[in-house]
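Undergrad: Here it is, the structure, as C-alpha cells.
Where a number appears in this text, it was derived from the coordinates with a stated rule and is not lab data. All values derive from a computational prediction rather than experimental measurement. Cβ atoms come from the backbone with ideal geometry, glycine included; neighbour counts cover every protein chain shown.
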Amino acid sequence: MQYLRLVAVSLSVTLVASTIPRAESQVPTFPAADTLHSTGTHDTRSFGQAARGVFLAAFIPYSYNRWVRHVPWAQTTLASWGANLSSGWKWDTDHFLANQFAHPYQGSFYYSAARSSNYSFWHAAPFALAGSAMWEYFGERFPPSLNDMVNTTLGGITLGEVTYRLAGAASTTSDGRPWLFRRIAATALNPERAFAGTTDNADVNDDPSGVRLPGISAHMEVGAQRLVSGGFGALGEGSSYPFVYASLVYGDPFAGDVTKPFGAFRVDMSVAGGRLAELRALGFLADHVLDADGPTRRQFALAMHYHYYDNRAYQGGGQGFSGGLLSDHDLGHHTRLRTEVWVTGLVLTAIRSDHGPSPDSVANETARNYDYGSGIGARFLVLLTHRGRPLLDMAYQTFWVGVLSGTAQNHYYDTWSICSEIPLFANAAFGARALMYHRISNYAHYPTVHRSDPQLRVFLATDW
C-alpha cells in the first residue's frame, strides 16, 4: 500500500506538468465550470460530505490492513478502543517511510475531504486533525502516537492543499486539451476531490465569479548522481546511479497571487536508486509588500512547509513554518536575480540516528533508527534567471534540532548547494549540481558524530 502511494505521488508532477497551461500564458478568468477552488462560504459547505470523506479515507486502508493483509495492529476491538482512550500519548516505532510519508499522505485525504466539500483552507484544516485522531484512537490496537498526530495533521494540510490545487489546474479545460486525460491526471493527484465531484454529479468547486489560474511552470532533470562520505575528493571513488528530479512552481508572490493561503507554492521531488529520495512542498500563507516600485521588489512572506529526505547520506523529514524576506531584482536584458532569506521553525522533524538499530534490522513496531525533535533554523536562496530559465542557483540552510525522543541530545546540520545550467536548444539545457550535507550529532553516552557527505549531479534539464 505504501509503495502504491509513493507511485501516485511520483506521477503527480509529471501528470500535472503535461496538462496545465504554461506560466507565460497567465490564463485569465475562467467560467464557473473551470474554477480552481471553492469559495468556502458557509452556504455551500457540506459537513456530511466532508465527514463521510474523512471516514472513508480511514476505513478503506483500515479494512485492507485488517481483512486482507491481517496485520496485527489493525485487529482492533472494543477493549483496544477503550484502552487507547484511557492511555497517554506515545512515540511510535514505525518505518521512516510510514511515519514521514505515508501518514502525511493519508492526512492529505482527510484534509481534501473537507476542501472538496467547499470548506476554505483554514476551515478544512481541523478535518485533518479529526481524521488523524480518529485513526490513532480507533484505527490501531496500540496507544495513540504523538508523532503520527503531528505528521498526519500538518503534513496532510500541506500535501492536501498542494494536490487539491494542482488537481484543479489539471482539470481546467480552457486550453482545449482532452478532458478525459485531464480528469485522469486530476484524479491521480487528489482522489478525494474527484470522488466528491462524482458523488454530487457536479463540479463541487463551481464559483459564479470564476478565478484566475496563476502562472505555473515546471522543471525536470534526468541524469546521474554520485554520493559518498567524506570530502569532494572522495567523489572519484564513488559509484554513480541514475536519478530523476522534477519541480513545479504554482503562482508567484510578486505577481499578487497570495490572496489566499497557498495561492503560490512550490513542490519538488526526486527519485534515485529506485527510491523516493526527496519530496518538499512550501506554500505561502500570507505576504506583505515592502517595495513594489522600481527595478527591485521586496516583500515579507509567511509559509508552511513539508520535507522528506531519504538518501544514502541523509535521512530527515518533518514540517514547520517560516517567515522570510523575498527580493526580486531586474538586471535588464531579460535577466533577473531573486534572493530569499528565511527563518524557520520546525514543529516536529525526524533525523537518522547513528546509534539506533541498523536499518537492515528495523522491523515495523519493533525498532526505530531515527530521532524526533523540534528546532529552529535559517535558509538562504539565490536564483539567477534569463528569460525565465535558471542559469545559477545557490542555496544554504542550517538547522538545530533538540531531540524529544531518541538516542541523541541534539542534532545540528547544514547543507549548501550550487547549480549551473547551460542552455542547449529550445527548452533543453545541460547542468551540474554540487551539494554538501554536513551533520553534527551530540549524544549523552556516545562520542559526538561529525559527518560530511558530498553529492554531485550531472543532468539534462527541460523547462515548460
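Undergrad: Pop the C-beta distance of L78 and R451 into the FRET formula with R0 = 41 Å and round what comes out to the nearest 0.05.
TA: Taking R0 as 41 Å, the efficiency between L78 and R451 is 0.25.
Undergrad: Among 429-436, 330-337, what's the highest-first ranking by average C-beta atoms within 10 angstrom per residue?
TA: Top to bottom by mean Cβ count within 10 Å: 429-436, 330-337.
Undergrad: Then there's this: Whole angstrom only: what separates the Cα centroid of the stretch 236-254 from the Cα centroid of the stretch 115-166?
TA: 28
Undergrad: Would you mind counting up the charge near G160? Only other residues with Cβ under 9 Å from its Cβ, with Lys and Arg at +1 and Asp and Glu at -1.
TA: -1
Undergrad: Using the per-residue mean of other Cβ atoms lying within 10 Å as a proxy for protection, in what order, highest first, do the peptides 90-100, 76-86 fall?
TA: Descending mean neighbour count gives 90-100, 76-86.
Undergrad: Please work out how much length the chain gains when fully extended from S420 to R298, using 0.36 nm per residue of separation minus the C-alpha to C-alpha distance, in nm with one decimal.
TA: 41.4 nm
Undergrad: At a 10 angstrom cut-off on C-beta neighbours, averaged per residue, how do the peptides 306-314, 144-152 rank from highest to lowest?
TA: Highest mean packing first, the order is 144-152, 306-314.
Undergrad: Another question, then. Return the loop-located chymotrypsin sites (Phe, Trp or Tyr not before Pro) in the stretch 210-254 (DSSP other than H, G, I, E, B) with at most 13 other Cβ atoms within 10 Å of their own Cβ; answer none if there are none.
TA: Loop-located and lightly packed - none at all.
Undergrad: Starting from the Cα of A234, step 7 Å along the direction of its Cβ; do the same at M394; then give the gap between the two resulting points in nm.
TA: Result for the modelled spin labels: 2.6 nm.
Undergrad: Work out, step by step, the length gained on full extension between H123 and T335: first 0.36 nm times the residue separation, then minus their alpha carbon distance; give nm to one decimal.
TA: 72.3 nm
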